[in-house]
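Every number here is computed from the coordinates shown, using simple stated rules; none is lab data. Predicted, not measured: the structure shown is a model, and the values here were computed from it. Cβ atoms come from the backbone with ideal geometry, glycine included; neighbour counts cover every protein chain shown.
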Amino acid sequence: MNGTMFLNPSSGAKLSDEELRTLESAARSEGLEVVRVAAGVDILETIRRRLSEGRRLFVAAGGDGTVNHVLQPLVQTEAHLGVIPVGTYNHFAKDVGIPLDWRAALDVALNGSSRQIDVARVNDRFFVNNVSIGLYPELVARREELGRDYPRWKARLYAIYATLRKYPHVTVVVETEHHREVIRSHVLLVSNNSYDLSRMGIETSRESLSSGRLAVYWAPHLPRLALLRYAARYLAGQMTAAADFRSIQTTHLQLQSSRKRIRIGVDGELFTMTMPLTIATVPSSLLVRVPRVSE
């Protein structure tokens, strides 16, 4: 076996069932073991067993959440992470330059170059994109209430309505090596390396994945209507023009709150963690297969 691929058939709507079967067949023909992600499949334990057997390539075929689950035991090892972006958003794949066509991405996973990148850690969980607190985890929770079989667009509309009706905010104390501030916000995000604020929006990319820094972003506490206008600026890529938008950079921080536990988004996946949250960068700790550079 050349490695193991974890295929998540429910990570998004990019591929039909027939296309997923074609991907699965193509991966097997290239010598990859294929494990379909489903309830009862322990990705962490499966990878640990394969590592002990000497396997060094693990491919996440899905979205950012699938990538997050697969990378957990790979940090600070000699194993490589391959990515086939067949999920809904695939932000990580875009940031490292992996093609969105699954055939090209499979070739990169098998034959690409090695690139060492930073990851970050929140308490005991690693992440490659970001940790979010406030409205986003609430949106995900409301959407998942309806289940995977519910039409996606209806689930999103319901999630937006239910979230804005509740309109949750968080109050946290942010402490870094040089900064301490009490923040009350509906949206707080900590990213693994900083985003390109010159074109901030839904498709915003990161300037680097190897600077060894975290970036903390938050919006001011706003009334519902003002927040909707704020969101419109974000979607239009005009975030830097929004009043009072704040950001800082650091290598580690702690978030404290009066709450004992808090719901957060980690690379788009929902988790409930015990406070305080300790977040730190883990520089140059993950090997990723990326496209070869033509000379």
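For the stretch 266-279, in order, what is each residue's ³J(HN,Hα) by Karplus, 6.51 cos²θ - 1.76 cosθ + 1.60 with θ = phi - 60°, in whole Hz (x at glycine and Pro)?
Values per residue, Gly and Pro as x: 10, 6, x, 9, 8, 9, 10, 10, 7, 7, x, 8, 9, 10 Hz.
Evaluate E = 1/(1 + (r/R0)^6) for Asp17 and Val282, where r is the Cβ-Cβ distance and R0 equals 35 Å; express this FRET efficiency to the nearest 0.05. Could you put the intermediate results ahead of the total?
On the way: r = 37 Å, r/R0 = 1.06.
Result of the calculation: an efficiency of 0.40.
From the backbone phi of the stretch 105-122, what are the Karplus-calculated ³J(HN,Hα) couplings (6.51 cos²θ - 1.76 cosθ + 1.60, θ = phi - 60°) in whole Hz, Gly and Pro given as x?
After applying 6.51 cos²θ - 1.76 cosθ + 1.60, I find 5, 5, 4, 5, 4, 8, 10, x, 7, 9, 10, 9, 10, 7, 10, 9, 10, 10 Hz.
Would you order His80, His169 from fewest to most other beta-carbon atoms within 10 Å of each residue's own beta-carbon?
Values: His80 19, His169 16.
Exposure proxy ranking, most exposed first: His169, His80.
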